[in-house]
Amino acid sequence: MQKSTKRNNQHPPLSNLTSHPLLGCPSSSFQQFDFHTLISFYPNFYINNSTTQIISPKTMGPQSALSVLFMNALFFFFFSFANAFDEPPFACNQASFSTKSLLFCDTKLPIKNRVEDLLSRLTIDEKISQLVNTAPPITRLGIPAYQWWAESLHGVAASGPGIRFNGTLRSATSFPQVILSAASFDAHLWFRIAQAIGIEARGVYNAGQANGMTFWAPNINIFRDPRWGRGQETPGEDPLVTGKYSVSYVRGVQGDTFKGENVNGVDHLQASACCKHFTAYDLDNWKGVNRFVFNAHVTVQDLADTYQPPFQKCIEEGRANGIMCAYNRVNGVPNCADFNLLTKKARGMWGFDGYITSDCDAVAIIYENQRYTKTPEDAVADVLKAGMDVNCGTYLQKHTKSALQQKKLSEADLDRALFNLFSTRMKLGLFNGDPRQLPFGDISPNRVCSADHQALALEAARDGIVLLKNSARLLPLPKTKTNSLAVIGPNADVAKTLLGNYYGPPCISISPLQALKKYVSNTLYHQGCDYVNCTAVSISNAVDLAKSVDHVVLIMGLDQTQEREEKDRVDLVLPGKQASLILSVAEAAKKPVILVIISGGPVDVSFAKYNKNIGGIIWAGYPGEAGGIALAEIIFGDHNPGGRLPVTWYPQYFTKVPMTDMRMRPNAANGYPGRTYRFYTGKSVFKFGYGLSYTNYAYKFSSVELKQLDLNQYGSLNTIRNETSASYLSVSEIGKENCDKLKFSATIGVRNTGEMSGKHPVLLFVEPSVVRYGSPIKQLVGFQSLHLNAGEEGQVEFGLSPCEHLSKANEEGLMVMEGGSHFLVVGEEKHQISIVL
């Protein structure tokens, strides 16, 4: 165990770090950074600029520490004058006579004409070379190499080859993992995060450290099963939340406004967003079944109201420039070879006009793993004819020529794909001359890791963290009366764990332990377990430590060794001996302990929920670079938690349900419980939308414009016969014009009845009076956040569409409206709406 050194009494509170140099240090130019201020306020730490880690000079000898501090001072000094960035790659250099006269370089022409001119100049071999993610240069036309694969899930990431952090820029803002940001239920916050990511993406490009501007995010698959290793990347289990997240993210990254106005023109993209993985992809590797061969059997009913709506929103409202087709098959057909999915639905029905990429090596597995085709050439032909445009991998580079020779493809099939690819590059401004002289060219690399972006990362972590238990108002801990603190657990002092996956080097790196030490000078630490898997545990040492202090914080949970891409869980309980450690420490401590769960997916913590010795439970997700600070602020009351769970937390016995069963709806006949809060009939550890606060809120329906909806004038009725007969009307038969006329608003009054101000997400649900076969038990129809001081009242207004919010999918996949009563529900308050057919 280690005893912390005493803190300087002049340290500013962590809540002020948004304006402190520690959170305002750009990664490229350090004019804003006051080195002496940092040392005087935070004498225990300095920033290692090669790794962006916070390191303590007090662990070194005096001379070493002084050397390091001096070298860092020199580093900041030299970088404060550094403005020499590499040139970003682009085509159509206006200073070059050889390219200036080319029609595809004429920015006065429509992009359609420019692309057609470019394609007319390419040879077959040149065309084939451009169908893969690593597109080589076409030197004779002055076209540079292009890398389609870059990642920006919750910050510009180093995961794809399109971005490199080996130049002047060494880091980027690392926001909370998506699942935690979703817990804020704040679409405008999601937009601001995406906007910052888009700005930093363009800043990295303008610094010459990007070979492409197409970012393969967001992940908008439904978090259907709690064991899924990539559920952490998603906004959760609800289609409405996931759809709204996709729209906010795409608009922010691509440079639109929050409401979707394209202020830069339809042919100008700040960066390109790509909604993935299309479709019904939510299994990676579970008990020997992997994503490459998995055939997802999905009903048209579940596709209609669960799996497809987020992608439809992403395309129709977000206007995403990219889609990624998934590895898996759906009902026997590989997603990337599905003409009905990619061309008929995405392009035809939803109006998609961007590019479609495969997931990496997804074309190869169609032949090599799935054996869906007889030859590699058949696989290449199938995906291009289905509507896919670019192959992440090399399969199209290797086999397209022979597919042409075998007449399985035509040159027109290649031109169709290349039209979408070069249109995207032109919309990004990469064929318009030096992009630094064009729209978005004024985005300085200095905005990467800017102070406002780092403050936003802290705000997002604060707003997402969820308080799950607070017995006898144990939390927040009193700052003045907590004289000693024990911090125990394998996730307490590992800042990297807070980043989740698909991350880049963060601007700052502060562990929960380091942040908590800023509140209590006498903070003692013990790791407890050897690693997160907790195969070896030091219970006796941890117990002794717990007995000696005023309060204990246990920081446990998961990390990327337990849940990640290509690794699904088989259990929902904490790994190894974590539970034994928690219970032993809780029993020995002087006062009830606080349990913090770091994880993406839900964990069965029933043992802690009902244990009187565990007074507080906090879910912190993977909260990003500022997550340690946010967690400490919440524990000590400098921030009032307001996050709410975006997923159901299931008990361990849910693992009896095969992860391969894609059905959303329950089946009482065979004991299948269904999935997600909309259909799940079993018991939950914590329900979707659950979250506590240090204050209380009361609701009332201030006004609702609708009590009865008469639909008998809009079409012919149909009747479904099952255990309860019901009449229904097809939404398509009502028609868009009439659906728009039926829209109404509901205004909710909200009052903070407690003693502490707070930000509060208001969730509005609809429940049917009778849950007929296939109907959701309840359905989220709207969410908004507002900030209220103690005793303050406010209102939120929801715009509702009966055709969208009071309908359901029938067994044929059609959206229908049934007669009967429905209830708008917020908290314990209900408002009845009757539908008359």
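The values are calculated or read from the model by the stated rules, or taken from the named source; none is laboratory data. Note that this is a predicted model, so its numbers are computed, not measured. Counting neighbours? That spans all protein chains shown, and the Cβs are built from the backbone with ideal geometry, glycine included.
Values for this structure:
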{"read-out": "Flag if Arg170 is modelled with pLDDT of 95 or more, more than 24 Å from Cys392 (Cα to Cα) and not in a helix (DSSP H, G or I)", "value": "yes"}
{"read-out": "Helices (runs of 4 or more DSSP H) enclosed by the range 560-648 - at least 1 residues per element that are acidic (Asp, Glu)", "value": "578-588, 627-635"}
{"read-out": "Those residues of the range 680-700 which are in contact with a Gly (Cβ under 9 Å, 6 or more places away or on another chain) and more than 27 Å from Asn789 (Cα to Cα), in sequence order", "value": "Tyr680, Thr681, Gly682"}
{"read-out": "Residues within the range 805-837 that are under 16 Å from Leu709 (Cβ atoms), of a type outside the set (A, V, I, L, M, F, W, C), surrounded by fewer than 20 Cβ atoms within 10 Å (Cβ to Cβ) and in contact (Cβ under 8 Å) with a residue 60 or more places away in the chain, tallied", "value": "5"}
{"read-out": "The lone exception for Leu786 - which of (1) closer than 25 Å to Gly691 by Cα; (2) touching a residue at least 60 places away in the same chain (Cβ under 8 Å) it fails", "value": "(2)"}
{"read-out": "Qualifying residue in the range 281-300 (condition: part of a helix (DSSP H, G or I), more than 30 Å from Arg192 (Cβ to Cβ) and in contact with a Gly (Cβ under 9 Å, 6 or more places away or on another chain))", "value": "yes"}
{"read-out": "Residue satisfying condition, being of a type in the set (Phe, Trp, Tyr) and in contact with a Cys (Cβ under 9 Å, 6 or more places away or on another chain), within set Phe339, Phe311", "value": "Phe311"}
{"read-out": "Residues of the range 120-152 satisfying the condition of being more than 13 Å from Leu396 (Cβ to Cβ) and surrounded by 18 or more Cβ atoms within 10 Å (Cβ to Cβ)", "value": "Leu122, Ile138, Gly142, Ile143, Tyr146, Gln147, Trp149, Ala150, Glu151, Ser152"}
{"read-out": "Unique match (being assigned to a loop (DSSP other than H, G, I, E, B) and over 30 Å from the mean Cα position of the chain (by Cα)) among Ser521, Ser540", "value": "Ser521"}
{"read-out": "Set His297, His268: member being closer than 21 Å to Arg675 by Cα, over 22 Å from the mean Cα position of the chain (by Cα) and surrounded by fewer than 19 Cβ atoms within 10 Å (Cβ to Cβ)", "value": "His297"}
{"read-out": "Those residues of the range 583-634 which are farther than 25 Å from Ser538 by Cα, over 21 Å from the mean Cα position of the chain (by Cα) and among the β-branched types (Val, Ile, Thr), in sequence order", "value": "Ile634"}
{"read-out": "Residue ID - farthest from the chain's Cα centre (by Cα), chosen from residues in the range 147-156 that are part of a loop (DSSP other than H, G, I, E, B) and farther than 20 Å from Gly243 by Cβ", "value": "Trp148"}
{"read-out": "Per-region count, the range 725-746, residues out of contact with any Gly (no Cβ under 7 Å at 6 or more places or on another chain), under 16 Å from Gln708 (Cβ atoms) and surrounded by 14 or more Cβ atoms within 10 Å (Cβ to Cβ)", "value": "3"}
{"read-out": "Selection within the range 225-240 - in contact with a strand residue (DSSP E or B) (Cβ under 8 Å, 6 or more places away or on another chain), of a type outside the set (Asp, Glu), part of a helix (DSSP H, G or I) and buried (at least 24 other Cβ atoms within 10 Å of the Cβ)", "value": "Gln232"}
{"read-out": "Only one of Lys590, Lys547, Lys496, Lys567 that is surrounded by fewer than 18 Cβ atoms within 10 Å (Cβ to Cβ), in contact (Cβ under 8 Å) with a residue 24 or more places away in the chain and closer than 30 Å to Pro161 by Cβ", "value": "Lys567"}
{"read-out": "Exclusive hit being polar (S, T, N, Q) and at pLDDT 95 or above, set Ser120, Ser67, Ser80", "value": "Ser120"}
{"read-out": "Subset tally (residues that are of a type outside the set (S, T, N, Q), assigned to a loop (DSSP other than H, G, I, E, B) and touching a Gly at 6+ places or on another chain (Cβ under 7 Å)) for the range 488-518", "value": "6"}
{"read-out": "Residue check, Leu414 of a type in the set (A, V, I, L, M, F, W, C) and surrounded by 20 or more Cβ atoms within 10 Å (Cβ to Cβ)", "value": "yes"}
{"read-out": "Subset of the range 747-776 (residues that are within 23 Å of Glu812 (Cβ to Cβ) and either surrounded by fewer than 16 Cβ atoms within 10 Å (Cβ to Cβ) or under 26 Å from the mean Cα position of the chain (by Cα) (or both))", "value": "Val766, Val770, Val771, Tyr773, Pro776"}
{"read-out": "Qualifying residue in the range 559-570 (condition: hydrophobic (A, V, I, L, M, F, W, C) and over 18 Å from Ile617 (Cα atoms))", "value": "yes"}
{"read-out": "Subset tally (residues that are under 23 Å from Glu737 (Cβ atoms) and among the charged types (D, E, K, R)) for the range 804-823", "value": "3"}
{"read-out": "Those residues of the range 788-804 which are surrounded by fewer than 14 Cβ atoms within 10 Å (Cβ to Cβ) and hydrophobic (A, V, I, L, M, F, W, C), in sequence order", "value": "Ala790"}
{"read-out": "Residue within the range 177-200 that is part of a helix (DSSP H, G or I), modelled with pLDDT of 95 or more, surrounded by fewer than 24 Cβ atoms within 10 Å (Cβ to Cβ) and charged (D, E, K, R) present", "value": "yes"}
{"read-out": "Wholly within the range 727-837, helices (runs of 4 or more DSSP H) carrying at least 2 residues that are acidic (Asp, Glu)", "value": "736-741"}
{"read-out": "Pairs where the first residue, in the range 282-293, is of a type in the set (Phe, Trp, Tyr) and the second is not in a loop (DSSP other than H, G, I, E, B), C-beta under 7 Å, 6+ apart", "value": "Phe292/Ile365"}
{"read-out": "Flag for Ser159 being under 30 Å from Thr394 (Cβ atoms), assigned to a loop (DSSP other than H, G, I, E, B) and touching a strand residue (DSSP E or B) at 6+ places or on another chain (Cβ under 7 Å)", "value": "no"}
{"read-out": "Helices (runs of 4 or more DSSP H) contained in the range 353-446 and holding at least 1 residues under 33 Å from the mean Cα position of the chain (by Cα) and either more than 27 Å from Glu566 (Cβ to Cβ) or free of Cβ contacts under 8 Å to residues at least 24 places away in the same chain (or both)", "value": "362-368, 376-386, 411-427"}
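Per-residue answers, yes or no, for (1) touching a helix residue (DSSP H, G or I) at 6+ places or on another chain (Cβ under 6 Å); (2) of a type in the set (Val, Ile, Thr); (3) at pLDDT 95 or above; (4) assigned to a helix (DSSP H, G or I):
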{"site": "Thr660", "(1), (2), (3), (4)": "no, yes, yes, no"}
{"site": "Arg665", "(1), (2), (3), (4)": "yes, no, yes, no"}
{"site": "Gly682", "(1), (2), (3), (4)": "no, no, yes, no"}
{"site": "Tyr694", "(1), (2), (3), (4)": "no, no, yes, no"}
